[in-house]
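Participant: This structure is in structure tokens; I'll ask about it shortly.
The values are calculated or read from the model by the stated rules, or taken from the named source; none is laboratory data. Since we're looking at a predicted model, the values are computed, not measured. Backbone-built Cβ (ideal geometry, glycine too); neighbour counts: all protein chains shown. For accessibility, only protein heavy atoms count, side chains too; no ligands or nucleic acids. Shrake-Rupley method; radii C 1.70, N 1.55, O 1.52, S 1.80 Å.
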Amino acid sequence: MKLIATSLKLLPLFSLLFMIMIGSSWQIGAFPLMPALLLIPVYYWLVYHPSWLPLGGLFVVGLFYDSLMNHGLGLTSFFLMLSALFGPPIRSYLRPDKFPLIWFGFGLFSGGYLLLYGLIISAGFALFVSWVNGIILYPLVAWVLSHLHGRIQKYV
Amino acid sequence: MALFQRYKKPGPLKPTPNPYPSRFQFWRHSLLASFIFILIGGGALRFYKPFYDPLQDRLFEGVAWLQKGFLQPFHETSALLKDAHKFIYLKDEHGRLKLENENLHKEIQVLRPLAHENAVLRKMLNVPSVEVIKYTAARVLSSPYDGLHRFFLIEGGEKDDLTKDQPVIVEEGVVGRLEKVGTHVARVLLLTDVNSRIPVVTSLSKEKAILSGNGSFLPNLVYVNDVKKIQIGEQIVTSGLGGIFPPGLPVGIVDAVENSKIKVRPYVPFQRVEWVQVLKIHPESFYKEINTALEEE
């Protein structure tokens with residue numbers, strides 16, 4: 001039973017991998033969905049259940065992303081771990097029942113992340129479009145993740 | 001909002017016992033301590049080449065294999081739908097192909113004497129025969145793009161005799177070159193990527209230049225001797241310098257010339273490419289020849 005509970009706790013990390021697979025395979029028009037699409041589950045779990053996103057797991061997910069996207073290994077791992085580090089202080093300002101506030105928080109979080117990311121990898125307008133795509137898609141992905149969250153919480 | 005139903009109103013705060021009985025327990029649970037520990041450990045391994053390079057190769061292979069498995073059902077479904085579509089319009093397609101076949105037959109009848117004449121003249125003038133380049137067709141698995149790097153993952157690798165730096169083309173023109181080759185999967189560096197540099201020549205002004213990718217859809221033409229000679233709409237083809245791309249492959253057309261910056265619009269519609277051809281050229285032999293010549297000099 002403990003094994004099942006542990007496996008279920010890994011599902012949030014798998015949701016990140018799933019997003020990487022989806023985001024790297026499809027684009028909206030000619031503009032990328034990544035990396036903003038990856039940030040949606042990262043933000044969701046950091047807000048609602050940060051203990052399900054351990055730093056080690058984020059490190060591995062970052063390696064996966066870097067390997068797929070042809071970055072130097074460790075760049076995304078660093079950014080994701082940094083997000084996890086800043087998660088708890090920001091979390092205290094958010095109210096889970098106020099969705100617009102959470103959504104706005106995502107806009108700020110992803111904006112900050114992509115700004116830093118864009119400065120380091122020198123990407124411009126495409127990242128901005130990715131950010132807008134991420135904000136538009138946030139409610140849909142968060143709705144799916146909230147259902148997954150409910151199911152996991154039921155058994156863990 | 002009913003969207004997030006797990007929220008419960010917090011009850012009155014109660015004093016909780018100290019969760020960390022020892023200092024070690026405190027640091028073990030500290031996010032910052034874990035962050036610093038992983039950062040130092042990962043950073044140290046990052047700069048240890050004997051560990052980093054094999055890890056990068058293995059990760060690429062593993063990740064590409066996972067993505068291949070993930071996308072397989074989508075590719076199969078897409079192929080099935082296309083087959084169904086073809087089946088519905090089978091009669092129309094048959095008529096079209098029959099007409100095309102007749103036209104091609106007529107074309108062959110005209111071209112055959114010309115080919116013979118060409119061969120005779122080549123022999124008389126002692127012109128070396130044109131080498132026929134072999135190629136392998138490979139399916140595009142996915143085209144990851146994150147705002148900077150743009151490349152294709154293709155189904156084919158060392159087992160198909162693919163090697164690094166082999167040119168990748170489609171019917172319309174040059175796509176890029178193989179950047180990394182795994183056992184079953186390879187990565188194609190597209191000509192629009194920031195790391196891509198292709199030696200090219202303009203068709204009318206005969207200016208040699210380098211096509212430099214910049215992450216956008218319109219790569220730049222750099223190291224042009226005389227920018228004023230370049231005309232908008234001029235065709236760009238590979239020059240053959242560098243030993244990777246054979247000369248004369250179509251690349252694109254000059255789209256705009258602004259403040260000495262020349263933008264080129266590639267012929268290849270990167271969004272719609274499903275299959276590519278990898279030319280079986282081995283640039284290593286070219287590099288070896290150059291190195292030998294330089295050493296002799």
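Participant: I need the full set of residues from the stretch B:232-260 which are farther than 12 Å from B:VAL201 by Cβ, assigned to a loop (DSSP other than H, G, I, E, B), more than 19 Å from the chain's Cα centre (by Cα) and modelled with pLDDT under 85, in order please.
Facilitator: Hits for the stretch B:232-260 are B:ASN259, B:SER260.
Participant: Could I ask something else about it? Of everything in the stretch A:125-144 that's within 10 Å of chain B (Cβ to nearest Cβ) and closer than 19 Å to A:TRP103 by Cβ, which residue is surrounded by the fewest Cβ atoms within 10 Å (Cβ to Cβ)? Write out each step before concluding.
Facilitator: Narrowing the stretch A:125-144 to residues within 10 Å of chain B (Cβ to nearest Cβ): A:125-131, A:139, A:142-143.
Within this subset, residues satisfying the condition of being closer than 19 Å to A:TRP103 by Cβ are A:128-131, A:139, A:142-143.
On the way: A:PHE128: 17, A:VAL129: 19, A:SER130: 30, A:TRP131: 21, A:PRO139: 15, A:ALA142: 23, A:TRP143: 12.
Among them, the one singled out is A:TRP143.
Participant: May I ask you to verify whether B:LEU45 is touching a helix residue (DSSP H, G or I) at 6+ places or on another chain (Cβ under 6 Å) and not hydroxyl-bearing (Ser, Thr, Tyr)? Spell out the reasoning first.
Facilitator: Numbers: touching a helix residue (DSSP H, G or I) at 6+ places or on another chain (Cβ under 6 Å): yes; not hydroxyl-bearing (Ser, Thr, Tyr): yes.
Yes.
Participant: While we're on this one: Out of the residues in the stretch B:171-190 meeting the condition of being buried (at least 19 other Cβ atoms within 10 Å of the Cβ) and over 22 Å from B:LEU241 (Cβ atoms), tell me which one is nearest to the chain's Cα centre (by Cα).
Facilitator: Across the stretch B:171-190, the extreme among qualifying residues is B:ARG187.
Participant: Next question. If you scan the stretch A:59-71, which residues turn out to be within 9 Å of another protein chain (Cβ to nearest Cβ) and either of a type outside the set (D, E, K, R) or buried (at least 23 other Cβ atoms within 10 Å of the Cβ) (or both)? Quick ask: steps written out before the conclusion?
Facilitator: Here is the first cut: in the stretch A:59-71, the ones within 9 Å of another protein chain (Cβ to nearest Cβ) are A:59, A:63-71.
Within the stretch A:59-71, A:PHE59, A:LEU63, A:PHE64, A:TYR65, A:SER67, A:LEU68, A:MET69, A:ASN70, A:HIS71 qualify.
Participant: Could you list, in sequence order, all residues of the stretch B:191-207 that are open to solvent by less than 30 Å² (accessible area, probe 1.4 Å) and either of a type in the set (Phe, Trp, Tyr) or within 14 Å of chain A (Cβ to nearest Cβ) (or both)?
Facilitator: B:THR192, B:ASP193, B:SER196
Participant: Tally up the residues in the stretch A:103-124 that are assigned to a helix (DSSP H, G or I) and facing chain B (nearest Cβ under 8 Å), please. First the steps, then the outcome.
Facilitator: Just the residues of the stretch A:103-124 that are assigned to a helix (DSSP H, G or I), to begin with: A:103-121.
Narrowing further to those that are facing chain B (nearest Cβ under 8 Å): A:118, A:121.
Looking only at that region, the number is 2.
Participant: Looking for whichever is within 12 Å of another protein chain (Cβ to nearest Cβ), of a type in the set (Lys, Arg) and surrounded by fewer than 18 Cβ atoms within 10 Å (Cβ to Cβ) here; the options are A:LYS98, A:LYS2. Which one fits?
Facilitator: Working: A:LYS2 fails: within 12 Å of another protein chain (Cβ to nearest Cβ).
Exactly one of A:LYS98, A:LYS2 is within 12 Å of another protein chain (Cβ to nearest Cβ), of a type in the set (Lys, Arg) and surrounded by fewer than 18 Cβ atoms within 10 Å (Cβ to Cβ), namely A:LYS98.
Participant: When you scan the stretch A:78-86, do you find a residue that is modelled with pLDDT under 85 and surrounded by fewer than 20 Cβ atoms within 10 Å (Cβ to Cβ), even just one?
Facilitator: The answer is yes; a qualifying residue exists.
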